[in-house]
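Below you'll find the structure, written out as structure tokens, and then a few comments.
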Amino acid sequence: MTGVDVLLLALGAVAVGSAALVVGTRHLVRAGLYLVVCLGAVAGMYLVLAAELVAWVQVLIYVGAVVVLLLFAVMLTRAPIGASDDLDRPGWPAALIGGGAGLGLAALLVDAYRWTTVDLPAAGNAERIGEQVFSNWVLPFEVLSVLLLSALVGAIVLSRPDIGATRDDATGDRGRSR
Amino acid sequence: MRPVIPYVTAALLFGLGVYGVLRRRNAVLVLMAVELMLNAVNLILVTADTTARAVLPHGGQVFALFVIVLAAAEIGVGLAIVLQLYRMRASVAVDEIPLAERRAGEVEPHAGGPVPATTGGGASPAAGSAPEGQR
């Protein structure tokens, strides 16, 4: 057990514990805040694993944007402050499938890797990641930009009720002039 | 570095995400559990990038970046759908969504619910304020 292992164990324990609180808490807003802790711990694991660009992108996009969007959605759907009792379905099947998937995958990976050690690569690889993205992976990169644009347009169309109404209206565009 | 530690962490995170998706009724909490699953996959990708030697260097980290972008797009569209659902039904409980398709001309079975936006252009200004009026 080196220092890296201890750090990974501690961050992994924080991530799994806060993830259990995300899926188990009865407070909607607290679920979002525990999600911040979980994503931050995973970003710390990326840092330890010498993937610093992914770690900072995780902090920027997940903690900075996705969680804020989720908290906005919690507030816009008028979530009650305090504990709410109707958040969960009665779920033995959920516990069975979730526990089976998690523990099964964990057993598979433990069996595959045992207690072997691997040398960490050198840190500071943002330049090499950038070279890879813009040489070997440039086509998926551009396709992803098109996907982001279409997701943006789709979100706008979904959240503007008048656009869908005029499209489904039998009178076509004249429905807008009323 | 022992690669089994982040791998097992990722497996447990994925299991917790599956449990959350199946267990939660609130659609926003379901989306949070989906984020947990996507993070587990990202953790697997980054760990595999540091432990395995591939032909293309750093393919795992590049894929993790792509998955993060996909997650951002997914959360944007997903929250738009959730907010539209709340606007139409004043509830985000995923087990109250009618799965059968409603035919044209049929009356909305949700008694007292706000008029959905598909019934015409004239109803759309009222759709935004309907949940407040229902309470």
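Before we move on, is residue B:33 closer than 28 Å to residue A:25 by Cα, crowded, with 21+ Cβ neighbours inside 10 Å and more than 7 Å from chain A (Cβ to nearest Cβ)?
Here the answer is no, as residue B:33 does not meet what is asked.
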message = Of everything in segment A:108-144, what is outside any loop (DSSP other than H, G, I, E, B), more than 8 Å from chain B (Cβ to nearest Cβ) and open to solvent by less than 60 Å² (accessible area, probe 1.4 Å)? Give them in sequence order.
response = A:126, A:130, A:138
request  = Working carefully through the options A:5, A:86, find the one that is without any contact (Cβ under 8 Å) to a residue 40 or more places away in the chain, within 8 Å of chain B (Cβ to nearest Cβ), out of contact with any helix residue (DSSP H, G or I) (no Cβ under 9 Å at 6 or more places or on another chain) and more than 25 Å from residue B:68 (Cβ to Cβ).
outcome  = A:86
ask   = Can you tell which of A:96, A:149, A:60, A:71 is open to solvent by 40 Å² or more (accessible area, probe 1.4 Å) and either outside the structural domain of residue A:35 (by TED's automatic domain parsing) or touching a helix residue (DSSP H, G or I) at 6+ places or on another chain (Cβ under 7 Å) (or both)?
value = A:149
remark   = Residue hits (segment A:149-167; modelled with pLDDT under 80 and within 7 Å of chain B (Cβ to nearest Cβ)) are A:161, A:162, A:164, A:165, A:166
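Rundown of residues vs (1) within 30 Å of residue A:87 (Cβ to Cβ); (2) outside any loop (DSSP other than H, G, I, E, B); (3) out of contact with any Pro (no Cβ under 9 Å at 6 or more places or on another chain); (4) at pLDDT 95 or above, yes/no style:
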residue	(1), (2), (3), (4)
B:50	no, yes, no, no
B:75	yes, yes, yes, no
B:78	yes, yes, yes, no
B:84	yes, yes, no, no
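The values are calculated or read from the model by the stated rules, or taken from the named source; none is laboratory data. In this text, all values refer to a predicted model and were calculated from it rather than measured experimentally. Counting neighbours? That spans all protein chains shown, and the Cβs are built from the backbone with ideal geometry, glycine included. All accessible areas refer to the heavy atoms of the entire protein, side chains included, with ligands and DNA or RNA removed. Shrake-Rupley method; radii C 1.70, N 1.55, O 1.52, S 1.80 Å.
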